[in-house]
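Undergrad: This is the structure I want to talk about, given as structure tokens.
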Amino acid sequence: MRNRRPPGHRDGLTRRALLKTTLGAAAAGLAPDTAHAQEPVSDTTKRWGRLPNTLGARSPAENPRRTPSPTSSRTPLQDLHGTITPADLHYERHHGGVPVVDPRTYRLVVHGMVDRPLTFTLDDLKRFPAATRTCFLECSGNFGGQREETTPQDLCGLTSQTEWTGVMLSAIFNEVGAQPGATWFLAEGQDAAVMTRSIPVKEVLDEAMVVYAQNGEALRPEQGYPARLLLPGWEGNASVKWLRRMKLASQPFMTREETSKYTDPLADGTARQFSFVMDARSVITAPCYPQAIEKGWTEIRGIAWSGRGLIRRVDVSTDGGRTWKPATLQQPVLPKAHTRFRFPWQWDARPTEILSRAVDDTGYVQPEMSALQQARGRRTRYHLNPVTGWTIAADGRVRFGLQRVRV
Amino acid sequence: MNRLLTLVAAILVVAAVVVAQSPPRRVGLGTPATPEQVAALDIDVSPDGAGLPPGGGSAREGAGVYAQTCAACHGANGEGGTADPLVGAEPKETLPFGPDYERWRGGRPDVAFTIGNYWPYATTIFDYVRRAMPASAPGSLTADETHALTAWLLARNGIIADAAVMNAETLPRVRMPARARFVRDNRKGRAEVK
């Protein structure tokens, strides 16, 4: 039997002794040391790897990255396999940069139409009965399909999914004694934009949370550390980050982000306001630009989601929309959550277009861009959720299906 | 009799579990927010003017504030630059959406959304400038400067006169061209694409 322990190792060895032993052995070139352990070796069975350490890291061979602009960064959807977005790859959208908030001095003030205006520390928030919810968060300005050289990340990387933990907003509102006439509240962040949105109380109270944890650990700074609002299924902007204040009132406040921004000018001459809910959408994340596929077996993979509830079905077309067949949904399907779909395919090496179309449990079918423009006109900048797909050339090269969204 | 007792006991156990699992209506967390604490954060301005501070200013006074703190990003006359345009050139009766707009625009390049053609409430200008502008030093303008700058933006969009003073009384009374166009979310759910 081969000895898989470093020289001198025995059960119950103290950390100090172990360190001494391994350092000594490493110096003699006999055993693993952290400096060399990450370099590839021709036969990994002949040399000890790195010992346990304090913080894990990705394999050096894996290099997923967000794509930043001055105001946002996008999740590399094509690099992800399940439905949870690693915290460091969650998309960012902020209006005044990422503030550095000291958790020790952090305070959340809740006032306005309440019986007891209260201030909560971060510890106070953590002492409330806790709740955990897995859901997507999507910026309503999440459409970037303007060129054939478009990746899923470019197209709709402003959506991510997280297991959030925090306190139900209803518990906080109980604590302050929200008054019956308080039908709206202002959520305000402590970034340099002092971001504000007015939120209707009744529509969110069953599901809204103030969260302090993301995938099991504290929120990332760019996700609102130390605490943010979370409104499952609603446009991301309304889930105000770095939450410093909530003010209950009987009317909306008509802040900039709910009047001149995040509103939808329509063909009938009106502008739709407070259009919070994200309608159903899907995207094929493989195959996609800039890949090339080979004749034969390809599994078409993607994600679908709806801010209205559950994804009921995802239809896939491999013939440019002439025929559609249902994809397999990865269970469990959660409400208001990214849902993974897969579709087996044999490519016959003929040029074609592959498409996906989500259907949710309200009966809503993800529309074509032409239908969206017919319903809304051509000037809406938000809530664009058209059917999209990828063209496959005879040589197997995959490009974004631009013609379908350019109507 | 035994069965009845068992049933009663079972109900009591279930009831006890339910009580134990539902948190009390109030758990006693948080400390009273003092009026000073609230006042330090309470910067929002509502369409009815609630929250507007004392002070005031006209477009004439605002011109200097604009040139000094805003023009670098928004253009000398609010036409836009690295930041959004604020002053719109298109006729006010033709708002930036709807069939009228499509006809007016014809085949021309897209026209910007501005304060004059798209902002429904004048109070939003004060609120937003006070909380977030100028980007190089957010929240650094005085109340008078913010009132005057708001007046300049409204005057340049042809909504008020250059001499009109904007303050806590006058600003909420300004009727914005786009005001009547804004409607609450009218998507009704279900299958309809809207």
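The values are calculated or read from the model by the stated rules, or taken from the named source; none is laboratory data. Just so it is clear, the structure is predicted and the values come from calculations on it, not from any experiment. Note: ideal-geometry Cβ built from the backbone for every residue, glycine included; neighbour counts use all protein chains shown.
Quick grid of which residues meet (1) under 19 Å from A:Thr71 (Cα atoms); (2) surrounded by fewer than 20 Cβ atoms within 10 Å (Cβ to Cβ):
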position	(1), (2)
A:Ala130	no, yes
A:Met168	no, no
A:Asn174	no, yes
A:Thr183	no, yes
A:Leu186	no, no
A:Ala193	yes, no
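Undergrad: Restricted to the range B:155-174, and to residues that are more than 14 Å from every other protein chain (Cβ to nearest Cβ), outside any loop (DSSP other than H, G, I, E, B) and not β-branched (Val, Ile, Thr), which residue is surrounded by the fewest Cβ atoms within 10 Å (Cβ to Cβ)?
TA: If we take residues in the range B:155-174 being more than 14 Å from every other protein chain (Cβ to nearest Cβ), outside any loop (DSSP other than H, G, I, E, B) and not β-branched (Val, Ile, Thr), then B:Arg173 is surrounded by the fewest Cβ atoms within 10 Å (Cβ to Cβ).
Undergrad: Continuing with this model, one more query. What number of residues in the range A:265-286 are more than 9 Å from chain B (Cβ to nearest Cβ), in contact with a Phe, Trp or Tyr (Cβ under 8 Å, 6 or more places away or on another chain) and not in a loop (DSSP other than H, G, I, E, B)?
TA: Of the residues in that region, 3 qualify.
Undergrad: Among A:Gly141, A:Gly82, A:Gly97, which is surrounded by fewer than 20 Cβ atoms within 10 Å (Cβ to Cβ), of a type in the set (Gly, Ala, Ser) and on the phi > 0 side of the Ramachandran plot?
TA: A:Gly97
Undergrad: From the residues in the range B:175-194 that are within 11 Å of another protein chain (Cβ to nearest Cβ) and assigned to a strand (DSSP E or B), which one is nearest to B:Thr123 (Cα to Cα)?
TA: B:Phe182
Undergrad: Then there is this: Give the residues of the range A:242-253 that are crowded, with 24+ Cβ neighbours inside 10 Å and at the interface with another protein chain (Cβ under 9 Å from one of its Cβ atoms), sorted by residue number.
TA: A:Arg245, A:Lys247, A:Phe253
Undergrad: Residues A:Ala337, A:Ala349, A:Ala358, A:Ala327: which one is in contact with a Cys (Cβ under 9 Å, 6 or more places away or on another chain) and outside the structural domain of A:Glu258 (by TED's automatic domain parsing)?
TA: When all the criteria are applied, what remains is A:Ala337.
Undergrad: Looking at the range A:212-230, can you tell me whether even one residue there is within 14 Å of chain B (Cβ to nearest Cβ) and not in a strand (DSSP E or B)?
TA: The answer is yes; a qualifying residue exists.
Undergrad: Enumerate the helices (runs of 4 or more DSSP H) found wholly within the range A:116-178, keeping only those where 3 or more residues are under 23 Å from the mean Cα position of the chain (by Cα) and modelled with pLDDT under 95.
TA: Filter on the range A:116-178 gives an empty set.
Undergrad: Continuing with the same structure: If you take the residues in the range A:60-106 that are among the hydroxyl-bearing types (Ser, Thr, Tyr) and touching a Lys or Arg at 6+ places or on another chain (Cβ under 7 Å), which one is modelled with the lowest pLDDT?
TA: A:Thr71
Undergrad: Can you confirm whether A:Arg66 is closer than 30 Å to B:Ala39 by Cβ and surrounded by fewer than 22 Cβ atoms within 10 Å (Cβ to Cβ)?
TA: Answer is no for this residue.
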